[in-house]
Amino acid sequence: NKLVSVLYSKNCIFKIIWFYLYMFIIIVFSKIFFNFINMNKFYTPNIVVSKCLNFENCRYNWDKINDDFVSKLKNFLNFIPVCPEVWIWLWIPRLPLRLALENEKIILVQPATNLDLTSKMNDFCNKFLDKQENIDWFIMKNRSPSCWINDVKLYHKRDSYTILKKTNPWIFWS
């Protein structure tokens with residue numbers, strides 16, 4: 001009788017309730033915690049991005065573009081920064097490049113030196129893309145003749161100042 005009265009006393013019942021409540025809290029928070037840790041196992045998209053967009057001063061004039069859109073995405077995406085012009089051994093700073101029409105083909109030239117960089121750029125792009133796995137998207141510099149996403153001027157000839165038209169995207173990266 002005494003044992004039963006001790007077990008059912010207010011103090012003991014209170015301790016039992018606290019024990020179960022404490023265990024419940026531990027179990028719930030541990031599940032939340034471990035689920036939070038495992039959230040990092042979700043797939044992170046791989047994005048090829050122009051290196052001059054927030055990563056490095058690699059533009060022809062030794063500049064870097066501070067892009068808010070890329071800054072906001074840095075924590076959520078796996079960026080693969082690339083500067084095609086640096087990869088084909090053009091210096092920083094460097095003389096500007098342009099796209100020109102020659103023999104009915106679009107070429108990449110450096111007018112000041114008269115260098116045709118088309119084959120070097122095509123080789124680089126093919127090798128770079130062959131090495132990459134699971135590229136989900138590209139964020140490239142607009143109006144850049146090497147990235148050539150949109151609105152790049154196409155000149156009539158290699159040494160001409162006459163703009164033939166503004167081009168459509170993806171000559172090297174397709």
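Each residue of region 133-139 was assigned a 3J(HN,Hα) from its phi angle through the Karplus expression (A = 6.51, B = -1.76, C = 1.60, θ = phi - 60°), giving 10, 6, 7, 9, 6, 10, 10 Hz with x at Gly and Pro.
Based on the mean of other Cβ atoms within 10 Å per residue, sort peptides 111-122, 60-71 so the most packed one is first.
Details: 111-122: 15.1, 60-71: 12.7.
Going from most to least packed, we get 111-122, 60-71.
Compactness of region 91-164 was expressed as the Cα radius of gyration divided by 2.2 N^0.38 Å, which yields 1.19.
Less than 5 angstrom separates the built amide H of Y155 from those of L99, A100, L101, L164, all sequence-distant by 5 or more or on a different chain.
Backbone amide hydrogens, once placed in the peptide plane, bring M140 within less than 5 Å of S50, excluding anything fewer than 5 places away on its chain. Taken one residue at a time, the phi angles of region 76-89 give Karplus couplings (6.51, -1.76, 1.60, θ = phi - 60°) of 10, 10, 9, 8, 10, x, 8, 10, x, 5, 5, 5, 9, 6 Hz. Gly and Pro are set to x. Grab the other residues whose beta carbon is less than 15 angstrom from that of C58, score K and R as +1, D and E as -1, and report the net. With Lys, Arg at +1 and Asp, Glu at -1, the neighbours total +1. For R158, the accessible surface of its heavy atoms amounts to roughly 50 Å² (probe 1.4 Å, protein chains only, rounded to the nearest 10).
The values are calculated or read from the model by the stated rules, or taken from the named source; none is laboratory data. Since this is a predicted model, take the numbers as computed values, not measurements. No Cβ is skipped: glycine too gets one built from the backbone with ideal geometry, and neighbour counts run over all protein chains shown. Keep in mind that these areas ignore ligands, DNA and RNA; they rest on the heavy atoms of the full protein, side chains included. Shrake-Rupley method; radii C 1.70, N 1.55, O 1.52, S 1.80 Å.
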